[in-house]
Amino acid sequence: MSAAPALGGRAGRARPVIFLMGPTASGKSGLAVQLARRYPVEIVSVDSAQVYRGMDIGTAKPSRELRTAVPHHLVDILDPARRYSAGRFRTDALACIEAILARRRVPLLVGGTMLYFRALQGKVDDLPPADPAVREALREEARRFGWEALHRRLAGIDPEAAGRIHPNDPQRIQRALELYRLTGLAPTELYRRQGAQSREYRITRVIVSPSSRALLHQRIARRFHDMLEQGFIDEVRALRARADLNPEIPSMRAVGYRQLWEYLDARRTRDEAIARGIAATRQLAKRQLTWLRREREAVWLDSSDPGLAAKTAERLGAAIADGGMCL
């Protein structure tokens, strides 16, 4: 079976799809809700943590009440013990997009998981950069079990890649396993996705971010403390009580969750865990901004601008009209 085609085509009267992107804590989710209340759009979450049930506070997930009033697709679709990958997101998101367009509405894809946006456009081959935390975890496993054991693990995941990589080549073994952990796809499958054909969608890319890095850091810290007041630690405590979850599985590696798990394990003080959680969120925002700067044909808007909603709506209206639809 051939891979599903990707977004990105511009031939003829292409159907409109809106990407609303930005770093964590930039305010894109609230903006999306404002737009969805006023215009014929439906929100599709592009967030690798909001897919998991029971991870509500630490992912800044929209409340159930809000999701009843303004439906969000691809939220609460998976148990945190399960893996979710860029490849599966691509399949799920394309299905949502087609269903929304069939209702004569416009898909508004909102989030900060840049790998998912890349996958949706058939660009999984734009491989993610090295992740220090994942690399250190792999090095620790190699110290315990040896690189040959990790090579055997790779062979179970991707026999073709294992055949190309010598068991005594730790650098390439590490990178192959790192790619798998970051994307959920075998490295060979990532490379095969080069040259994926495009569907005829017209993508409008809007990136919202504070113009000041200091302001973004303030928002990150404030939101983290707000989450604590809402019961973030109790949320992590409930997840930690489950026998099928541990801090090494993908869902529990989400920023904030891992650091608070360390606090509950008595490996950090509460203050240390909070400081590390905020620092990890800042690092995430920095990586997101690095990816976002690679986006071509994107409109950047200052999320601290009081006129943000009106400016975004203007872009939205132009994209919809260009696709032969109207607000």
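In region 95-111, the residues that are exposed (fewer than 13 other Cβ atoms within 10 Å of the Cβ) reach residues that are part of a strand (DSSP E or B) and among the acidic types (D, E) with C-beta atoms within less than 8 angstrom, at least six apart or across chains, in these pairs: R103/E42. Go through (1) assigned to a strand (DSSP E or B); (2) out of contact with any Phe, Trp or Tyr (no Cβ under 9 Å at 6 or more places or on another chain) for V208 and report which single condition fails. Exception for V208: condition (2). Within region 5-32, restricting attention to residues that are over 19 Å from the mean Cα position of the chain (by Cα) and among the hydrophobic types (A, V, I, L, M, F, W, C), which residue is modelled with the lowest pLDDT? Within region 5-32, the match that is modelled with the lowest pLDDT is A11. Residues that are modelled with pLDDT under 95 and not in a loop (DSSP other than H, G, I, E, B) occur in region 248-261; there is at least one. Within region 63-79, the set of residues being surrounded by fewer than 22 Cβ atoms within 10 Å (Cβ to Cβ), outside any strand (DSSP E or B) and not basic (K, R) comprises S63, E65, L66, T68, A69, V70, P71, V75, D76, I77, D79. Taking (1) at positive phi; (2) in contact (Cβ under 8 Å) with a residue 24 or more places away in the chain in turn, Y257 satisfies each apart from (1).
Residues that are touching a Leu at 6+ places or on another chain (Cβ under 6 Å) and not hydrophobic (A, V, I, L, M, F, W, C) do occur in region 313-320.
Criterion applied to I173, I203, I233 was being assigned by TED's automatic domain parsing to the domain that holds L292, in a helix (DSSP H, G or I), touching a residue at least 12 places away in the same chain (Cβ under 8 Å) and surrounded by 16 or more Cβ atoms within 10 Å (Cβ to Cβ), and the one residue passing it is I233.
Within region 287-314, the set of residues being touching a residue at least 12 places away in the same chain (Cβ under 8 Å), of a type in the set (K, R) and surrounded by 14 or more Cβ atoms within 10 Å (Cβ to Cβ) comprises just one member, R287. Which of (1) acidic (D, E); (2) touching a residue at least 24 places away in the same chain (Cβ under 8 Å); (3) surrounded by 13 or more Cβ atoms within 10 Å (Cβ to Cβ) does D244 not meet, given it meets every other one? Status for D244: all satisfied but (3).
The values are calculated or read from the model by the stated rules, or taken from the named source; none is laboratory data. As the structure is a prediction and not an experimental result, all values here were calculated from the model. Don't worry about glycine lacking a Cβ; one is built from the backbone with ideal geometry, like all the others, and counts go over all protein chains shown.
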